[in-house]
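The values are calculated or read from the model by the stated rules, or taken from the named source; none is laboratory data. All figures in this text were calculated on a predicted structure; none of them were measured in a lab. Methodologically, a virtual Cβ is constructed for each residue, glycine included, from the backbone with ideal geometry; neighbour enumeration extends over all protein chains shown.
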Amino acid sequence: MNVLRFAQYAACLFLASPALAQADDKITLSFNERPPYIIPAADGSASGLTASPAGSDEVIGKLNKAIAARKPAVQ
């Protein structure tokens, strides 16, 4: 009888466990400031060569400027 009661108790806990989990939309990110790779913005976000989303216009512009500074333009 004790085994059956234990199984019922375990099943109740297992089924109730998703209700106990809570998700939060905010993620706290700690980073070291290393210009031009990671630069903190005034709103608390991070940007830079490695901190910006890939393909963003800001990153592409910075990369184009860095490439232009290393090589003379071909005309």
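Brief remarks on what is shown
- Count of region 24-59 residues which are hydrophobic (A, V, I, L, M, F, W, C), surrounded by 10 or more Cβ atoms within 10 Å (Cβ to Cβ) and modelled with pLDDT under 70: 1
- Within region 23-41, considering residues that are outside any loop (DSSP other than H, G, I, E, B) and within 19 Å of ALA66 (Cα to Cα), the one nearest to the chain's Cα centre (by Cα): ILE38
- Taking the numbered list (1) surrounded by 11 or more Cβ atoms within 10 Å (Cβ to Cβ); (2) modelled with pLDDT under 75 in turn, ALA21 passes all entries but (1).
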